[in-house]
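Peer 1: What follows is a structure written as structure tokens; I'll ask about it next.
The values are calculated or read from the model by the stated rules, or taken from the named source; none is laboratory data. Small disclaimer: the values here were computed from a predicted structure and weren't measured. Ideal geometry is used to build each Cβ from the backbone, glycine not excepted, and the neighbour counts take in all protein chains shown. The protein model used for the area step is the full one, side chains on, heavy atoms only, and it has no ligands, DNA or RNA in it. Shrake-Rupley method; radii C 1.70, N 1.55, O 1.52, S 1.80 Å.
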Amino acid sequence: QVQLVESGGGVVQPGGSLRLSCAASGSISRFNVMGWYRQAPGKQRELVATATTRSITNYSRSVKGRFTISRDNAKNAVYLQMNSLKPEDTAVYYCNLIDSDSSAYWGQGTQVTVSS
């Protein structure tokens, strides 16, 4: 079965950077969409960024220009480079994969805290 394993979360000062990684394993179609979502306390889970197998990307307006999503299809991995972090970026970040049959899979979540 499909499993997504995340890493890279932590605590960083405003203006700092973090790089999140997510590796997927299991039976996954050749064409899929992988991305990152986040959820802050008391708020709904929201889209951060997504990328197709061919690296067509989509970003939330709040992170565009600061975050970069990338993929390594040979490794079934997706990354999120987060620069110029702000306190409002504090949230649990979840890796997501939507397969070609519409099946959705989620990672366990990793905490990102931006604080001085």
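Peer 1: Do the conditions hold for Val112, that is, is it open to solvent by 20 Å² or more (accessible area, probe 1.4 Å), in a strand (DSSP E or B) and either aromatic (Phe, Trp, Tyr) or in contact (Cβ under 8 Å) with a residue 24 or more places away in the chain (or both)?
Peer 2: No, not satisfied.
Peer 1: For segment 41-52, state whether one or more residues are part of a loop (DSSP other than H, G, I, E, B), within 20 Å of Thr113 (Cβ to Cβ) and modelled with pLDDT under 95.
Peer 2: yes
Peer 1: Restricting attention to segment 1-20, report how many residues are hydrophobic (A, V, I, L, M, F, W, C) and under 20 Å from Thr68 (Cβ atoms).
Peer 2: 4
Peer 1: Which one of these is under 22 Å from Arg30 (Cβ atoms) and not in a strand (DSSP E or B): Ser62, Ser100, Ser70?
Peer 2: Details: Ser62 fails: under 22 Å from Arg30 (Cβ atoms); Ser70 fails: not in a strand (DSSP E or B).
It is Ser100.
Peer 1: Still on this structure, I have one more. Being open to solvent by 20 Å² or more (accessible area, probe 1.4 Å) and either part of a strand (DSSP E or B) or among the hydroxyl-bearing types (Ser, Thr, Tyr) (or both) is the filter here, so list the residues in segment 13-30 that pass it.
Peer 2: Ser17, Leu18, Arg19, Ser21, Ala23, Ser25, Ser27, Ser29 - these are the residues of segment 13-30 that are open to solvent by 20 Å² or more (accessible area, probe 1.4 Å) and either part of a strand (DSSP E or B) or among the hydroxyl-bearing types (Ser, Thr, Tyr) (or both).
Peer 1: Let me ask something else about it. Which condition does Lys75 not pass, out of (1) without any contact (Cβ under 8 Å) to a residue 12 or more places away in the chain; (2) among the charged types (D, E, K, R); (3) more than 30 Å from Ser116 (Cβ to Cβ), if it passes all the others?
Peer 2: Going through (1) without any contact (Cβ under 8 Å) to a residue 12 or more places away in the chain; (2) among the charged types (D, E, K, R); (3) more than 30 Å from Ser116 (Cβ to Cβ) one by one, Lys75 breaks only (1).
Peer 1: Please give the number of the condition Asp101 fails out of (1) among the charged types (D, E, K, R); (2) surrounded by fewer than 14 Cβ atoms within 10 Å (Cβ to Cβ); (3) within 20 Å of Ser21 (Cβ to Cβ).
Peer 2: (3)
Peer 1: Okay, moving on. Report whether or not Val33 is crowded, with 17+ Cβ neighbours inside 10 Å, more than 20 Å from Gln1 (Cα to Cα), in contact (Cβ under 8 Å) with a residue 12 or more places away in the chain and not basic (Lys, Arg).
Peer 2: no
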